[in-house]
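Inspection log for the structure reproduced underneath, given as structure tokens.
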Amino acid sequence: MKQVLVVEDDPINARLFEMILKRRGHYEVKMAESPHEILALVQSGQVDLVVMDVSLDNATYEGKEIDGVGITRLIKDDEKTRNVPVLLATAHAMIGDRESLLEESGAEDYISKPIVDHKYFLDKVHSLMAPPPADHAG
Amino acid sequence: MEQTNQHDTTEVARLREELATKTEELLRANAQLEEISRLKSEFLANTSHELRTPLNSILGFLRLVLDDMCDSHEEERDFIRTAFESAESLIDLVNEILDISRIESGRMPIHLESVDLTELFNEVYLVTHLDAQKKSLKLDFHPPEDKSLRLRADYGKLKRILLNLIGNSLKFTESGGITVRTIPAVERGFVVIDVEDTGLGIRPETQSRLFDKFVQGDGSATRAHGGTGLGLTIAKSLVELMGGVITLESPGPGKGTRVSFTVPLYRTEDTEPSEWQRVADLGAVVKGDPKNPLLLIAEDDPHFRNMLEDLAHDSHFSTVYAMTADDTVLLAKKLKPTVITLDHALLVSQHAHLTDGWDAYKALKTDAETSSIPVIFISGYETPIQDGLVATPSIPPPRLIMKPFDCAEFTRALMEEATRAKVGPELPT
């Protein structure tokens, strides 16, 4: 069964993601908040996709504050983990946020909260986890 | 002929200088407007983000229920309850955002009155002690020993500040307790109120940011404890609107937190000194040598006013004071003082036309009789003035002195404004 890692600092919204993914998508769901834990899970190879919240209050990595964009950057900069798709989920929904967030983080896709259409969200999750094209290096 | 030329040259030089000053003033006003606009956009973006978080869970859980995605009847009820709780936090958030915008636009009504701390503490205890009991926490209130002590504050606002601070402590304390103390500083004209807990504490790098909008303490713990991240911002603004200051300190994680704020004392008027002269029809008194330039002090806190009077007398000014905005304008017209100093927070009498320092300033500057009198504005809070200036761009910005108050800065401002009044273009040369 495919495994999705949910990174979300609001506990109610984390549970909502878990329920949508489990009940509608029949995925296995893991949840993590600390940057170290997130990176370790992604590196372990058990994670097929990360749903990543952008604002993480007071999360720190190597002594510096870091948000979902920064953690995604770390995942994408590491050769071992860059093939794990990341879907940014954020309530930063002002004009221009989408483009700048995708560019800054290197994430594959973006979805804004509130997530009104669950199917739209699951379609994104599903297509991002589709088998990579034939010329894929990994 | 030669004399006329020389006169023209002087006039040109004077106009040039005036133009340079005006240009500088405009540049400064423009920079201020840009900063205000930037802060407003930032607030809008943050607000949108914070509203979407509870909305996401309301919509999401209800969708799951409607689509029959629940395992059991219990789970269905649980999803609905979660959506309901998120709706409750959404309404808290909306109310607090409205309060913030009310405060920032200077429309938060503050009704200063004489407040008895013992009475206030009893009332706060009534609504907080059950929550403390539930967590087996001690909750102690220490009202001032001098039972006659009264604060000059808005009772409801003071209660709200205390409930907010105690509420925070209750959330983040698992053992030990919460102590509310009062430390009177009567000779300095205020009382310190301390809310101290033995809870989670706060990391030093976060402490300074906690009064900012939407900033919460320790990430995981706080999110789990809910809250809007606006409570302390509102508490700080309310303390400042009543003429106090607020500070927060924590020795570090796990070592508790202490929030202290000051509230001015309410004092009945001292008997009037004999050297005062009566301005009979207004009931106001001029203190000091009447041959000296006159400073009109609009200040309702007697202790702070005494200090301003002393500073003015030391600089060879005579003084007269007003407690309300209406009286300030009336006295300014009647006495034509050399300089006026205005506090933003003033007593509001019943049936008042003008309610605060900014109102008085506006009235003074738009009346030809008083518009040329220089004004020194003393405030703990810049926003009402900035907003006022934006709303009425024709009014020149006042000279502003921020609280905490610096005596030397005040004396300097007083001398400079008095000099400017004397050589100003309004006076015939």
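Rounded is the label for chain A. Its Cα gyration tensor axes, ordered a ≥ b ≥ c, give a/c under 1.5.
Note on A:2-13: average number of Cβ atoms from other chains within 10 Å of each residue's Cβ is 4. Relative contact order of segment B:41-120: 30 percent, from C-alpha pairs under 8 Å at least 6 residues apart in sequence. Charge tally for B:Asn30 (other residues, Cβ to Cβ under 15 Å; Lys, Arg +1; Asp, Glu -1): -1. Both the radius of gyration and Dmax for chain B are 26.4, 104 Å, in that order, over alpha-carbon atoms. With K and R counted +1 and D and E -1, the other residues having a Cβ less than 12 Å from that of B:Phe317 yield a net charge of -3. Residue by residue along B:196-206, Cβ atoms of other protein chains within 10 Å of the local Cβ number 1 on average. Cβ crowding within 10 Å ranks B:Phe410, B:Phe190 as B:Phe410, B:Phe190, fewest other Cβ atoms first. Protection proxy ranking of B:66-77, A:76-87, by the mean of other Cβ atoms within 10 Å over each peptide's residues and highest first, is A:76-87, B:66-77. Averaged over the residues of peptide B:61-70, the number of Cβ atoms from other protein chains lying within 10 Å of each residue's Cβ is 3. At the listed q of 0.10, 0.22, 0.25 Å⁻¹, the Debye profile of segment B:2-104, built from one uniform point per Cα, gives log10 I(q)/I(0) equal to -0.56, -1.07, -1.19.
Take each peptide in B:318-324, B:92-98, count the other Cβ atoms within 10 Å of every residue, and average; sorted highest first, the result is B:318-324, B:92-98. Can you give the net charge of the other residues whose Cβ lies under 11 Å from the Cβ of B:Thr179, counting K and R as +1 and D and E as -1? Around B:Thr179, the surrounding residues sum to -1. Over chain B, Cα pairs under 8 Å with separation of 6+ residues give a relative contact order of 10 percent.
For chain B, complete DSSP H runs whose alpha carbons reach 20 Å or more along their own long axis and whose mean Kyte-Doolittle score is -1.0 or higher are B:2-66, B:73-104, B:117-134, B:155-172, B:407-423.
Sorting the segments B:126-135, B:14-23 by their residues' average number of neighbouring beta-carbon atoms within 10 angstrom, most packed first, yields B:126-135, B:14-23. Going from the residue with the fewest nearby Cβ atoms within 10 Å to the one with the most, B:Met415, A:Met129 rank B:Met415, A:Met129.
For chain A, there are no membrane-span-like helices by this rule, meaning no whole DSSP H stretch whose C-alpha atoms cover at least 24 Å of axis and whose Kyte-Doolittle mean is 1.0 or above; this says nothing about an actual membrane. Cross-link partners of B:Lys365 among lysines, defined as those whose alpha carbon lies under 27 angstrom from its own and excluding same-chain residues fewer than eight positions apart: B:Lys22, B:Lys287, B:Lys291, B:Lys333, B:Lys334, B:Lys336, B:Lys403, B:Lys422. Diffusion coefficient of the protein assembly as shown by Stokes-Einstein, Kirkwood radius over Cα pairs, 10 °C, 1.306 mPa s: 57 µm²/s. By the beta-carbon count within 10 Å of each Cβ, the least crowded to most crowded order of A:Asp67, B:Asp301, fewest first, is A:Asp67, B:Asp301. Under the classification rounded if a/c is under 1.5, otherwise prolate if a/b is larger than b/c and oblate if not, where does segment B:277-423 fall, given a ≥ b ≥ c as square roots of the Cα gyration tensor eigenvalues? Here segment B:277-423 falls in the rounded category.
Every number here is computed from the coordinates shown, using simple stated rules; none is lab data. These numbers come from a predicted model, not from an experiment. Every residue, glycine as well, gets a Cβ built from its backbone with ideal geometry; the counts of neighbours run over all protein chains shown.
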